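Take a look at the structure set out below.
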Amino acid sequence: TKVRVDLELGRTAEARRTARELLSYLDRGAGSFGAMTLALATDVLGFGDELRGLMARLPAGRTTRAAGTILDGELERAADMLGEMGDLPSEATVRLRAAAALVESGRRAEADEQLGRALAFFRSVGATRYIREGEALFAASA
């Protein structure tokens with residue numbers, strides 16, 4: 001999505017503008033489109049409370065439940081939910097984030113499990129940027 005690409009390229013202001021558009025869409029009750037994108041970006045863009053409030057009014061579907069789980073910081077559980085939904089790119093992204101959080105808290109074995117699962121996906125699609133990020137995290141967890 002545009003928000004994710006803009007963040008990856010360091011275009012935070014553009015990502016924030018697009019995120020605001022998605023928040024407006026959610027606020028109008030037009031559906032849950034963008035909820036996952038926003039949940040994945042809220043740590044950088046800082047609108048978690050606003051998103052949480054909007055999501056409380058959305059229909060309780062699988063996507064909104066998974067996005068809410070990310071907002072709650074339950075990354076491993078959210079990754080499992082995304083995998084069950086077949087959203088493999090989001091699952092791998094969330095597993096990579098979970099691994100980083102686990103490394104930071106000194107839980108290396110759990111981090112390695114999440115990293116292994118994330119890297120398996122990223123390697124299968126040739127996502128070299130994410131492979132490098134995961135491998136660097138593997139080295140940091142050693």
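Would you mind calculating the relative contact order of the chain from Cα pairs under 8 angstrom and at least 6 residues apart, reporting the percent as a whole number? Intermediate values should be presented prior to the final figure.
Values: 154 pairs, mean separation 19.9, N = 142.
Answer for the chain is 14 percent.
Between beta-carbons, use under 14 Å as the cut-off and find the net charge around residue 15, counting Lys and Arg +1, Asp and Glu -1. Each step should come with its number before you reach the end.
Numbers: positive: 2, 4, 11, 16, 17, 20; negative: 6, 8, 14, 21, 43.
Charge balance near residue 15 sits at +1.
Tell me the carbon and sulfur percent of the accessible area for segment 6-127, rounded to whole percent, probe radius 1.4 Å. The partial results should precede the final answer.
On the way: 3050 of 6150 Å².
The C+S portion of the solvent-accessible surface of segment 6-127 is 50 percent.
Through the Karplus equation 6.51 cos²θ - 1.76 cosθ + 1.60, θ set to phi - 60°, convert the phi angles of segment 36-48 into ³J(HN,Hα) values in whole Hz; use x for Gly and Pro.
5, 4, 5, 4, 6, 9, 5, 5, 8, 8, x, 10, x
Please compute the alpha carbon radius of gyration of the chain, then divide it by the globular-protein estimate 2.2 N^0.38 Å. Two decimals is fine.
Dividing the Cα radius of gyration by 2.2 N^0.38 Å gives 1.04.
Applying the Karplus parametrisation 6.51 cos²θ - 1.76 cosθ + 1.60 with θ = phi - 60° to the phi angles of segment 15-25, what ³J(HN,Hα) value in whole Hz is obtained for each residue in order, glycine and proline being reported as x?
4, 5, 4, 5, 4, 4, 5, 5, 4, 5, 4
Out of the trypsin sites (Lys or Arg not before Pro) in segment 1-87, which ones are loop residues according to DSSP with at most 10 other C-beta atoms within 10 Å? Before the final figure, lay out each step's value.
On the way: sites: 2, 4, 11, 16, 17, 20, 28, 52, 57, 62, 65, 77; in loops: 11, 28, 57.
In loop regions of segment 1-87 (DSSP not H, G, I, E or B), the sparsely surrounded trypsin sites (Lys or Arg not before Pro) are 28, 57.
Could you work out Rg/(2.2 N^0.38 Å) for segment 1-64, with Rg from alpha carbons only? All intermediate terms of the calculation are to be shown ahead of the outcome.
Details: Rg = 11.1 Å, N = 64, 2.2 N^0.38 = 10.7 Å.
Here the Cα radius of gyration is 1.04 times the empirical estimate.
With all protein chains present and a 1.4 Å probe, how do 24, 90 order by accessible area, largest first?
Details: 24 50, 90 10 Å².
In descending accessible area the options line up as 24, 90.
What are the ³J(HN,Hα) values, in whole Hz, obtained from phi via the Karplus relation 6.51 cos²θ - 1.76 cosθ + 1.60 with θ = phi - 60°, for each residue of segment 115-130 in sequence order, with x given for Gly and Pro?
These are the phi-based 3J(HN,Hα) values: 4, x, 5, 5, 5, 4, 5, 4, 5, 5, 10, x, 7, 4, 4, 6 Hz.
What distance in nm separates the simple spin-label points at residue 65 and residue 49, each placed 7 Å from Cα in the Cβ direction?
Here the modelled spin labels are 2.8 nm apart.
Provide the FRET efficiency to the nearest 0.05 for the residue 13-residue 132 pair, computing r from the beta carbons and using R0 = 22 Å.
0.30
Any idea of the accessible area per residue across segment 1-135, 1.4 Å probe, to the nearest Å²? Working shown, then result.
Numbers: 7060 Å² over 135 residues.
On a per-residue basis, segment 1-135 sits at 52 Å².
The values are calculated or read from the model by the stated rules, or taken from the named source; none is laboratory data. Being a predicted model, the structure only gives us computed values, none of them experimental. Cβ sites come from the backbone with ideal geometry, for glycine too, and all protein chains shown count toward neighbours. Heavy atoms of the whole protein, side chains included, go into the accessibility calculation; ligands, DNA and RNA do not. Shrake-Rupley method; radii C 1.70, N 1.55, O 1.52, S 1.80 Å.
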